[in-house]
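S.K.: To start, I am sharing the structure in question, which I have written as structure tokens.
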Number of protein chains: 2
Amino acid sequence: MAIKTLKSILNQQFSYTINGKLWIECMGERFFGPGPVELLENINTTGSINKAAKEMNMSYKKAWAIINALNTNVAKPLVVMKSGGEKGGGSVITKEARQLITYHKKLRKRFIYFLEKETKKLNHLS
Amino acid sequence: MAIKTLKSILNQQFSYTINGKLWIECMGERFFGPGPVELLENINTTGSINKAAKEMNMSYKKAWAIINALNTNVAKPLVVMKSGGEKGGGSVITKEARQLITYHKKLRKRFIYFLEKETKKLNHLS
DNA sequence: TATCGTTATATCTTTGAAAATACAACGGAC
DNA sequence: GTCCGTTGTATTTTCAAAGATATAACGATA
């Protein structure tokens with residue numbers, strides 16, 4: 001089918017875009033996407049799951065669940081938590097977490113490029 | 001970052017895949033994806049929104065809302081409804097709907113290819 | 001005019017996920 | 001031993017989306 005025929009179907013007054021979501025699944029269930037990445041970065045900044053969650057208006061419970069899922073779905077933990085001790089404890093992200101984040105950023109870039117390419121194609125600007 | 005370093009992070013006992021969702025937005029809100037496509041195809045088969053909705057375990061209310069959104073987001077209607085008359089009425093999909101469906105199928109194929117390519121890359125089988 | 005199955009719309013009920021709340025456990029500093 | 005802020009976990013509450021229910025309107029047919 002030619003894109004040309006779509007031009008007469010779509011309303012030229014409106015703007016159309018191709019959009020989507022992307023994530024990494026482990027054993028069939030999603031466990032790594034933009035949310036976890038932002039959470040990891042906030043933990044890296046603040047040094048605690050608690051503060052990181054608050055920073056992004058997320059409940060501690062949900063944040064903990066995400067971190068827990070992350071750690072159980074990879075070979076080496078992405079976050080090491082410590083309860084008790086000076087300042088009551090805290091959490092730090094590992095080298096592995098940093099590597100996963102940079103991989104995800106590049107993957108995401110390729111996805112954004114795909115979306116933009118398809119949007120241009122839809123609006124036959126290419 | 002080299003994919004190679006990821007190999008030591010991921011658990012080799014588990015299987016990882018890149019997955020996602022894709023849709024078309026009009027004026028910033030999603031209005032066309034796999035759901036509407038299935039609904040349109042069911043209307044085409046059954047000749048009625050009612051039967052089409054039942055076929056896919058969807059409430060008539062929701063089906064009607066989808067169809068209504070579709071029709072208001074394009075230049076020419078995708079579904080023409082008729083209430084009353086022989087058999088009480090019914091609905092048919094237009095040529096434009098068929099064209100949008102085939103466009104969507106091809107778009108979806110390209111997306112699936114993207115996902116498979118990225119999954120292979122992640123598992124460094126390529 | 002009565003019948004039929006559909007479209008169209010309003011209202012009430014359910015229910016399931018997210019948020020809020022509460023509290024125990026931890027362990028270093030003092 | 002007490003204090004602190006964090007992690008860890010259970011329980012309760014909220015709320016919005018989905019579903020169920022009810023009913024009017026439609027128009028060809030007979």
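The values are calculated or read from the model by the stated rules, or taken from the named source; none is laboratory data. This structure is a prediction, so every number in the text was calculated from the model and none was measured. Cβ atoms come from the backbone with ideal geometry, glycine included; neighbour counts cover every protein chain shown. SASA here: full protein model, heavy atoms, side chains in, ligands and nucleic acids out. Shrake-Rupley method; radii C 1.70, N 1.55, O 1.52, S 1.80 Å.
S.K.: Return the residues of the range B:59-75 that are in contact with a helix residue (DSSP H, G or I) (Cβ under 7 Å, 6 or more places away or on another chain), open to solvent by less than 60 Å² (accessible area, probe 1.4 Å) and in a loop (DSSP other than H, G, I, E, B); say none if nothing qualifies.
M.R.: Once the filter is applied, which keeps residues that are in contact with a helix residue (DSSP H, G or I) (Cβ under 7 Å, 6 or more places away or on another chain), open to solvent by less than 60 Å² (accessible area, probe 1.4 Å) and in a loop (DSSP other than H, G, I, E, B), the range B:59-75 yields only B:75.
S.K.: Cβ-Cβ distance below 7 Å, separation of 6 or more or different chains: which pairs start in the range A:1-27 with a residue that is at the interface with another protein chain (Cβ under 7 Å from one of its Cβ atoms) and assigned to a strand (DSSP E or B) and end on one that is charged (D, E, K, R) and open to solvent by less than 50 Å² (accessible area, probe 1.4 Å)?
M.R.: Close Cβ pairs satisfying both conditions: A:16/B:25; A:17/B:25; A:18/A:118; A:19/B:25.
S.K.: Assuming residue B:79 fulfils every condition listed in (1) under 20 Å from residue A:3 (Cα atoms); (2) β-branched (Val, Ile, Thr); (3) within 17 Å of the chain's Cα centre (by Cα) apart from one, which condition is it?
M.R.: Condition not satisfied by residue B:79: (1).
S.K.: How do the pairs read when you match residues in the range B:35-63 that are at positive phi with residues anywhere that are among the polar types (S, T, N, Q) and within 14 Å of DNA strand D (Cβ to nearest atom), using Cβ under 8 Å and keeping only pairs 6 or more apart or on different chains?
M.R.: That search, which allows pairs on different chains as well, returns B:47/B:91.
S.K.: Same structure again: Going through the range B:15-34 one residue at a time, which ones are surrounded by 15 or more Cβ atoms within 10 Å (Cβ to Cβ) and of a type outside the set (Ser, Thr, Tyr)? Quick ask: steps written out before the conclusion?
M.R.: Of the range B:15-34, the ones surrounded by 15 or more Cβ atoms within 10 Å (Cβ to Cβ) are B:16-20, B:22-26, B:30-33.
Correct list: B:18, B:19, B:20, B:22, B:23, B:24, B:25, B:26, B:30, B:31, B:32, B:33.
S.K.: Confirm whether residue A:107 is farther than 30 Å from residue A:8 by Cβ, open to solvent by less than 10 Å² (accessible area, probe 1.4 Å), away from DNA strand C (no atom under 16 Å from the Cβ) and in a helix (DSSP H, G or I).
M.R.: Numbers: farther than 30 Å from residue A:8 by Cβ: yes; open to solvent by less than 10 Å² (accessible area, probe 1.4 Å): yes; away from DNA strand C (no atom under 16 Å from the Cβ): yes; in a helix (DSSP H, G or I): yes.
Yes: the conditions hold for residue A:107.
S.K.: While we're on this one: In the range A:76-101, how many residues are over 20 Å from residue A:21 (Cβ atoms), away from DNA strand C (no atom under 16 Å from the Cβ) and assigned to a helix (DSSP H, G or I)?
M.R.: Taking the range A:76-101 and keeping what is over 20 Å from residue A:21 (Cβ atoms), we get A:76-99.
Cutting the leftovers down to away from DNA strand C (no atom under 16 Å from the Cβ) gives us A:76-79, A:93-99.
From the residues that got through so far, the ones that are assigned to a helix (DSSP H, G or I) too are A:95-99.
Summing the residues that are over 20 Å from residue A:21 (Cβ atoms), away from DNA strand C (no atom under 16 Å from the Cβ) and assigned to a helix (DSSP H, G or I) in the range A:76-101 gives 5.
S.K.: Can you name every residue in the range A:82-98 that is more than 14 Å from the chain's Cα centre (by Cα) and surrounded by 14 or more Cβ atoms within 10 Å (Cβ to Cβ)? I'd like the intermediate steps shown before the answer.
M.R.: From the range A:82-98, those more than 14 Å from the chain's Cα centre (by Cα) are A:82-96; that's our starting set.
Listed by number, the residues that qualify are A:89, A:90, A:91, A:93, A:94, A:96.
S.K.: State whether the residues of the range A:36-56 include one that is outside any helix (DSSP H, G or I), open to solvent by 60 Å² or more (accessible area, probe 1.4 Å), more than 10 Å from chain B (Cβ to nearest Cβ) and at pLDDT below 95. Can you show your working first?
M.R.: Narrowing the range A:36-56 to residues outside any helix (DSSP H, G or I): A:47-48, A:56.
Still in the running and open to solvent by 60 Å² or more (accessible area, probe 1.4 Å): none.
Scanning the range A:36-56 turns up no residue that is outside any helix (DSSP H, G or I), open to solvent by 60 Å² or more (accessible area, probe 1.4 Å), more than 10 Å from chain B (Cβ to nearest Cβ) and at pLDDT below 95.
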